[in-house]
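Here the structure comes first, spelled out in C-alpha coordinates, and everything after it is commentary.
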Amino acid sequence: MVTTIHDDIAEVLISEELLQARVRQLGKEISRDYEGKPLLLVGILKGAAVFLADLIRAIDVPADYDFVAISSYGNATRSSGVVDIKKDIDADLTGRHVLIVEDIVDTGWTLRLSYITEKLLARNAASVRICALLDKPSRREVDVDIDYRGFVIEDRFVVGYGLDLAGRYRNLPYIGVLKSDVCGDARNK
Ligand code: 5GP
(Lines give C-alpha, C1' and ligand atoms only; values in the text may rest on other atoms or scores of the structure.)
Protein backbone atom coordinates (compact mmCIF):
# COMPACT_ATOMS: atom_id res chain seq x y z
CA MET A 1 0.00 0.00 0.00
CA VAL A 2 1.13 3.58 -0.68
CA THR A 3 2.12 5.52 2.43
CA THR A 4 0.65 9.04 2.42
CA ILE A 5 0.81 12.09 4.65
CA HIS A 6 -2.71 11.24 5.84
CA ASP A 7 -1.30 8.17 7.60
CA ASP A 8 0.51 10.44 10.09
CA ILE A 9 -2.67 12.20 11.22
CA ALA A 10 -4.27 11.20 14.52
CA GLU A 11 -7.27 13.52 14.24
CA VAL A 12 -8.82 15.89 11.72
CA LEU A 13 -9.47 19.04 13.75
CA ILE A 14 -11.05 21.16 10.97
CA SER A 15 -12.33 19.34 7.90
CA GLU A 16 -11.81 20.53 4.34
CA GLU A 17 -15.53 21.33 4.05
CA LEU A 18 -15.53 23.41 7.23
CA LEU A 19 -12.39 25.27 6.16
CA GLN A 20 -13.81 26.08 2.75
CA ALA A 21 -17.14 27.24 4.18
CA ARG A 22 -15.43 29.54 6.69
CA VAL A 23 -13.09 30.96 4.05
CA ARG A 24 -16.11 31.78 1.88
CA GLN A 25 -17.73 33.59 4.85
CA LEU A 26 -14.54 35.55 5.54
CA GLY A 27 -14.36 36.46 1.85
CA LYS A 28 -17.90 37.85 1.96
CA GLU A 29 -17.19 39.84 5.12
CA ILE A 30 -13.96 41.27 3.68
CA SER A 31 -15.67 42.10 0.36
CA ARG A 32 -18.33 44.08 2.24
CA ASP A 33 -15.79 45.93 4.37
CA TYR A 34 -13.46 46.85 1.51
CA GLU A 35 -15.97 47.91 -1.09
CA GLY A 36 -14.48 50.91 -2.92
CA LYS A 37 -11.15 50.52 -1.11
CA PRO A 38 -8.13 49.26 -3.06
CA LEU A 39 -7.20 46.07 -1.22
CA LEU A 40 -3.81 44.39 -1.02
CA LEU A 41 -3.58 41.04 0.77
CA VAL A 42 -0.13 40.49 2.24
CA GLY A 43 0.50 36.85 3.09
CA ILE A 44 3.17 35.81 5.54
CA LEU A 45 5.27 33.06 4.00
CA LYS A 46 5.17 30.21 3.92
CA GLY A 47 2.27 29.13 6.08
CA ALA A 48 -0.35 31.61 4.82
CA ALA A 49 0.06 30.82 1.11
CA VAL A 50 -2.63 28.13 0.91
CA PHE A 51 -5.13 30.15 2.96
CA LEU A 52 -4.45 33.31 0.95
CA ALA A 53 -4.95 31.49 -2.34
CA ASP A 54 -8.43 30.37 -1.28
CA LEU A 55 -9.31 33.60 0.52
CA ILE A 56 -8.62 35.92 -2.42
CA ARG A 57 -10.88 33.80 -4.62
CA ALA A 58 -13.66 34.24 -2.07
CA ILE A 59 -13.28 38.04 -2.29
CA ASP A 60 -15.24 39.74 -5.06
CA VAL A 61 -14.03 43.33 -4.80
CA PRO A 62 -10.79 44.34 -6.58
CA ALA A 63 -7.83 42.86 -4.70
CA ASP A 64 -4.18 42.11 -5.34
CA TYR A 65 -1.74 40.11 -3.23
CA ASP A 66 1.90 39.96 -2.24
CA PHE A 67 3.94 38.07 0.32
CA VAL A 68 6.45 38.87 3.04
CA ALA A 69 8.77 36.44 4.78
CA ILE A 70 9.46 36.92 8.47
CA SER A 71 12.31 35.05 10.13
CA SER A 72 11.03 32.49 12.59
CA TYR A 73 11.50 33.19 16.25
CA GLY A 74 13.49 31.36 18.84
CA ASN A 75 14.44 32.23 22.37
CA ALA A 76 17.43 34.21 21.11
CA THR A 77 15.17 36.27 18.87
CA ARG A 78 12.75 36.98 21.64
CA SER A 79 15.38 38.20 24.04
CA SER A 80 17.03 40.38 21.40
CA GLY A 81 13.61 41.75 20.44
CA VAL A 82 14.34 41.58 16.71
CA VAL A 83 12.48 39.64 14.05
CA ASP A 84 13.68 40.23 10.50
CA ILE A 85 11.50 40.76 7.48
CA LYS A 86 13.47 38.64 5.02
CA LYS A 87 11.37 39.29 1.93
CA ASP A 88 9.62 42.61 1.69
CA ILE A 89 6.95 44.06 -0.61
CA ASP A 90 8.18 45.94 -3.65
CA ALA A 91 4.87 47.64 -4.52
CA ASP A 92 4.01 51.24 -3.67
CA LEU A 93 1.57 51.07 -0.75
CA THR A 94 0.42 54.66 -0.86
CA GLY A 95 -3.33 54.82 -0.34
CA ARG A 96 -3.76 51.05 -0.38
CA HIS A 97 -5.69 49.12 2.23
CA VAL A 98 -3.51 46.27 3.43
CA LEU A 99 -4.81 43.06 4.97
CA ILE A 100 -2.07 40.94 6.50
CA VAL A 101 -2.91 37.26 6.08
CA GLU A 102 -1.40 34.90 8.67
CA ASP A 103 -1.87 31.16 9.13
CA ILE A 104 -1.96 31.10 12.92
CA VAL A 105 -1.43 33.51 15.79
CA ASP A 106 0.08 31.64 18.71
CA THR A 107 2.17 33.65 21.20
CA GLY A 108 1.79 36.77 19.06
CA TRP A 109 5.52 37.49 19.01
CA THR A 110 6.01 37.10 15.25
CA LEU A 111 3.54 39.83 14.38
CA ARG A 112 4.57 42.04 17.27
CA LEU A 113 8.35 41.87 16.92
CA SER A 114 8.34 42.22 13.15
CA TYR A 115 6.56 45.58 13.55
CA ILE A 116 4.90 44.68 10.28
CA THR A 117 1.79 46.82 10.87
CA GLU A 118 3.88 49.84 11.78
CA LYS A 119 6.24 49.31 8.83
CA LEU A 120 3.39 49.10 6.33
CA LEU A 121 1.71 52.19 7.78
CA ALA A 122 5.03 54.04 7.57
CA ARG A 123 4.96 53.33 3.84
CA ASN A 124 1.68 55.28 3.58
CA ALA A 125 -0.76 52.36 3.49
CA ALA A 126 -4.26 53.75 4.06
CA SER A 127 -5.01 51.05 6.64
CA VAL A 128 -3.51 47.81 7.93
CA ARG A 129 -5.59 45.01 9.39
CA ILE A 130 -4.93 41.39 10.28
CA CYS A 131 -6.68 38.24 9.11
CA ALA A 132 -5.62 34.97 10.76
CA LEU A 133 -6.99 31.58 9.84
CA LEU A 134 -6.33 30.15 13.29
CA ASP A 135 -6.10 31.75 16.70
CA LYS A 136 -4.69 30.01 19.79
CA PRO A 137 -5.59 32.60 22.46
CA SER A 138 -4.53 30.38 25.36
CA ARG A 139 -0.91 30.68 24.16
CA ARG A 140 -0.87 34.46 23.73
CA GLU A 141 2.00 36.33 25.37
CA VAL A 142 1.56 39.70 23.64
CA ASP A 143 -1.63 41.34 22.40
CA VAL A 144 -2.40 41.15 18.70
CA ASP A 145 -5.49 42.79 17.25
CA ILE A 146 -6.96 40.19 14.92
CA ASP A 147 -9.63 41.78 12.71
CA TYR A 148 -10.75 38.62 10.92
CA ARG A 149 -10.25 35.16 12.41
CA GLY A 150 -11.20 31.83 10.91
CA PHE A 151 -11.23 29.53 13.92
CA VAL A 152 -10.24 29.66 17.56
CA ILE A 153 -8.44 26.45 18.51
CA GLU A 154 -7.15 24.99 21.73
CA ASP A 155 -3.46 24.62 22.51
CA ARG A 156 -2.48 21.79 20.17
CA PHE A 157 0.19 21.66 17.48
CA VAL A 158 -1.62 21.49 14.15
CA VAL A 159 -0.56 20.88 10.56
CA GLY A 160 -2.13 21.12 7.12
CA TYR A 161 -3.62 23.78 4.83
CA GLY A 162 -0.23 25.52 4.67
CA LEU A 163 0.95 24.72 8.19
CA ASP A 164 3.97 22.42 8.41
CA LEU A 165 6.18 20.39 10.61
CA ALA A 166 9.72 20.57 9.21
CA GLY A 167 8.44 21.28 5.71
CA ARG A 168 5.88 18.47 5.66
CA TYR A 169 2.08 18.35 5.72
CA ARG A 170 1.42 21.79 4.14
CA ASN A 171 -0.46 20.02 1.36
CA LEU A 172 -3.08 18.42 3.60
CA PRO A 173 -6.45 19.94 2.62
CA TYR A 174 -7.59 19.97 6.27
CA ILE A 175 -6.18 20.99 9.67
CA GLY A 176 -5.04 17.97 11.62
CA VAL A 177 -3.19 16.82 14.69
CA LEU A 178 -0.23 14.48 14.20
CA LYS A 179 0.14 11.08 15.77
CA SER A 180 2.41 11.31 18.81
CA ASP A 181 5.14 9.14 17.26
CA VAL A 182 5.61 11.59 14.35
CA CYS A 183 5.33 14.95 16.07
CA GLY A 184 7.91 14.52 18.86
CA ASP A 185 8.69 17.81 20.60
CA ALA A 186 6.27 19.85 18.46
CA ARG A 187 3.45 18.66 20.71
CA ASN A 188 4.73 20.86 23.48
CA LYS A 189 5.49 23.87 21.31
P1 5GP B 1 3.61 33.30 17.20
O2 5GP B 1 4.73 34.24 16.91
O3 5GP B 1 2.26 33.91 17.18
O4 5GP B 1 3.87 32.51 18.45
O5 5GP B 1 3.69 32.16 16.10
C6 5GP B 1 3.24 32.27 14.82
C7 5GP B 1 3.93 31.25 13.95
O8 5GP B 1 4.31 30.06 14.67
C9 5GP B 1 2.97 30.77 12.89
O10 5GP B 1 3.01 31.61 11.75
C11 5GP B 1 3.45 29.37 12.62
O12 5GP B 1 4.49 29.38 11.67
C13 5GP B 1 4.02 28.90 13.95
N14 5GP B 1 3.02 28.08 14.70
C15 5GP B 1 2.40 28.41 15.84
N16 5GP B 1 1.54 27.43 16.24
C17 5GP B 1 1.65 26.45 15.30
C18 5GP B 1 1.00 25.18 15.13
O19 5GP B 1 0.16 24.72 15.91
N20 5GP B 1 1.37 24.46 14.03
C21 5GP B 1 2.30 24.90 13.13
N22 5GP B 1 2.55 24.10 12.08
N23 5GP B 1 2.92 26.09 13.26
C24 5GP B 1 2.60 26.86 14.33
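The values are calculated or read from the model by the stated rules, or taken from the named source; none is laboratory data. Just so it is clear, the model here is predicted, and its values are computed rather than measured. Here Cβ is always computed from backbone atoms with ideal geometry, including for glycine, and neighbour counts include all displayed protein chains. In case anyone asks, the SASA skips ligands and DNA or RNA and just uses the protein heavy atoms, side chains included. Shrake-Rupley method; radii C 1.70, N 1.55, O 1.52, S 1.80 Å.
Computed values, structure above
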read-out: Nearest-ten-degree value, helix 16-33 long axis tilted from longest Cα axis of the chain; value: 10 degrees
read-out: Area of Arg24 that stays accessible when all protein chains are in place (1.4 Å probe, Å², to 10); value: 130 Å²
read-out: Net +/- balance of residues flanking Leu45 in space, Cβ distance below 9 Å, scoring K and R +1, D and E -1; value: +3
read-out: Rotationally averaged projected area of the stretch 88-131 (alpha carbon convex hull; nm²); value: 3.0 nm²
read-out: Cα principal axis extents for the chain, largest first, Å; value: 53, 40, 28
read-out: Whole-percent carbon and sulfur share, accessible surface of the chain, 1.4 Å; value: 48 percent
read-out: Unit charges on C-beta of K, R, D, E only; dipole of the stretch 16-57, Debye; value: 100 debye
read-out: Heavy-atom accessible area order for Lys37, Lys46, largest first, 1.4 Å probe; value: Lys46, Lys37
read-out: Charge dipole (debye, nearest 20) of the stretch 91-189; +1 at Cβ of Lys and Arg, -1 at Cβ of Asp and Glu; value: 160 debye
read-out: Inter-label distance for Glu17 and Arg156, nm, one decimal - labels placed 7 Å from Cα along Cα-to-Cβ; value: 1.9 nm
read-out: 222 nm mean residue ellipticity, helices alone, for the chain (DSSP H n ≥ 4; -39,500 (n - 2.57); rounded to 500); value: -7000 deg cm²/dmol
read-out: Most fluctuating residue given options Asp135, Asp92, Asp54, as computed from a GNM of the chain linking Cα atoms under 10 Å; value: Asp92
read-out: Gaussian network model of the chain, Cα within-10 Å springs - most flexible of Asp145, Asp84, Asp164; value: Asp145
read-out: Along the chain, longest interval not containing exposed GluC sites (Glu not before Pro), exposed being DSSP loop plus at most 16 other Cβ atoms within 10 Å; value: 36-140
read-out: Lysines whose Cα lies under 29 Å from that of Lys28, excluding same-chain neighbours fewer than 8 positions away; value: Lys37, Lys46, Lys119, Lys136
read-out: Positive-end residue, the stretch 1-144 charge dipole about Cα centroid, Cβ charges, pick of Ile14, Val128, Leu55; value: Val128
read-out: FRET efficiency estimate (nearest 0.05) - Cβ-Cβ, Asp147 to Asp90, R0 30 angstrom; value: 0.75
read-out: Partner aspartates and glutamates for Lys179 [C-alpha distance under 18 Å; skip if fewer than 8 residues away on the same chain]; value: Asp7, Asp8, Glu11, Glu154, Asp155, Asp164
read-out: If the convex hull is drawn through the Cα atoms of the stretch 1-67, its volume per residue in Å³; value: 112 Å³
read-out: Candidates Ala91, Ala132, Ala63: whichever shows maximal mean-square fluctuation once the chain is modelled as a Gaussian network with Cα springs under 10 Å; value: Ala91
read-out: Gain on full stretching of the segment that runs from Ala69 to Ala126 - 0.36 nm per residue minus C-alpha separation; value: 18.4 nm
